[in-house]
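J.: Once you've had a glance at the structure underneath, I'll fire off some questions.
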Amino acid sequence: MMYKGSCHCQAVEFEVEAPEVLEADYCNCSICSKSGFLHLIVPLSKFKLLKGKDSLTTYSFNTGVAKHTFCKVCGVKPFYTPRSNPDGIDVNVNCLDTKPAAVNITNFDGQNWEQHAHKVAHKSKE
């Protein structure tokens with residue numbers, strides 16, 4: 001299924017191909033819990049930025065591997081390059097404008113990332 005999504009002000013728009021019923025992860029790490037990010041990690045080939053490349057800015061911390069992308073206008077993080085899957089893309093399910101039939105949410109212990117990263121490392125593979 002093809003989903004369309006955007007940031008709050010719609011300066012950034014994207015589409016992502018994913019199943020009708022989404023498998024998402026809720027992470028309790030400091031940045032995800034504060035920003036309300038609900039993770040849908042997919043291969044980069046399943047994602048297309050439709051609009052707003054110039055409206056994005058990037059924030060990195062700690063190892064610098066993850067590239068957190070935010071809309072410069074409204075501040076929303078609709079997607080980013082995750083440390084666990086640097087060859088993929090992580091879409092914020094909360095930013096999907098096309099609503100999925102259902103979302104199955106799994107808790108992910110991001111506060112103890114090093115011990116649990118292997119549990120999501122496969123998600124960006126075709």
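J.: Mind checking which residues of the range 90-126 are surrounded by 18 or more Cβ atoms within 10 Å (Cβ to Cβ) and modelled with pLDDT under 95?
T.: PHE108, GLY110, VAL120, LYS123, SER124
J.: Here's a follow-up. Quick check on the range 56-67. Is at least one of its residues under 26 Å from HIS8 (Cβ atoms), part of a helix (DSSP H, G or I) and either in contact with a Cys (Cβ under 6 Å, 6 or more places away or on another chain) or of a type outside the set (S, T, N, Q) (or both)? Walk me through it before giving the result.
T.: Quick first cut of the range 56-67, residues under 26 Å from HIS8 (Cβ atoms) only: 56-61, 66-67.
Still in the list and also part of a helix (DSSP H, G or I): none.
Checked the range 56-67: no residue is under 26 Å from HIS8 (Cβ atoms), part of a helix (DSSP H, G or I) and either in contact with a Cys (Cβ under 6 Å, 6 or more places away or on another chain) or of a type outside the set (S, T, N, Q) (or both).
J.: If you don't mind, another one. What single numbered condition from (1) at pLDDT 95 or above; (2) part of a strand (DSSP E or B) fails to hold for SER45?
T.: (2)
J.: Separate question: Does THR69 fit the bill of being touching a Ser or Thr at 6+ places or on another chain (Cβ under 6 Å), under 14 Å from GLY5 (Cβ atoms) and not aliphatic (A, V, I, L, M)?
T.: So THR69 passes the test.
J.: Taking interchain pairs and intrachain pairs at least six residues apart, which have beta carbon atoms under 6 angstrom, with the first residue in the range 1-23 and farther than 15 Å from ASP90 by Cβ and the second part of a loop (DSSP other than H, G, I, E, B) and of a type in the set (D, E, K, R)?
T.: MET1/GLU20; LYS4/ASP97; SER6/ASP97
J.: Which one of ASN62, ASN92, ASN85 is within 13 Å of CYS7 (Cβ to Cβ) and not basic (Lys, Arg)?
T.: Only one candidate qualifies: ASN92.
J.: Now a separate question. Scanning the range 81-124 for residues that are within 15 Å of the chain's Cα centre (by Cα) and basic (Lys, Arg), which turns out nearest to HIS39 (Cα to Cα)?
T.: Among those residues, the one meeting the criterion is LYS123.
J.: Test ASN85 against the stated conditions and say whether it is polar (S, T, N, Q), surrounded by 17 or more Cβ atoms within 10 Å (Cβ to Cβ), touching a residue at least 12 places away in the same chain (Cβ under 8 Å) and over 18 Å from GLU15 (Cα atoms).
T.: yes
J.: Out of the range 42-74, which residues are on the phi > 0 side of the Ramachandran plot and either surrounded by 14 or more Cβ atoms within 10 Å (Cβ to Cβ) or in contact (Cβ under 8 Å) with a residue 40 or more places away in the chain (or both)?
T.: Once the filter is applied, which keeps residues that are on the phi > 0 side of the Ramachandran plot and either surrounded by 14 or more Cβ atoms within 10 Å (Cβ to Cβ) or in contact (Cβ under 8 Å) with a residue 40 or more places away in the chain (or both), the range 42-74 yields only GLY52.
J.: Output the number of residues of the range 13-28 satisfying the condition of being assigned to a loop (DSSP other than H, G, I, E, B) and over 14 Å from the mean Cα position of the chain (by Cα).
T.: 3
J.: Right, next: Which count do you get for residues in the range 93-118 that are out of contact with any strand residue (DSSP E or B) (no Cβ under 6 Å at 6 or more places or on another chain) and closer than 22 Å to GLU20 by Cα?
T.: So the count comes out to 1.
The values are calculated or read from the model by the stated rules, or taken from the named source; none is laboratory data. On a predicted model such as this, the values are computed, not experimentally measured, just so you know. Note that each Cβ is placed from the backbone with ideal geometry, even for glycine, and that neighbours are counted across all protein chains shown.
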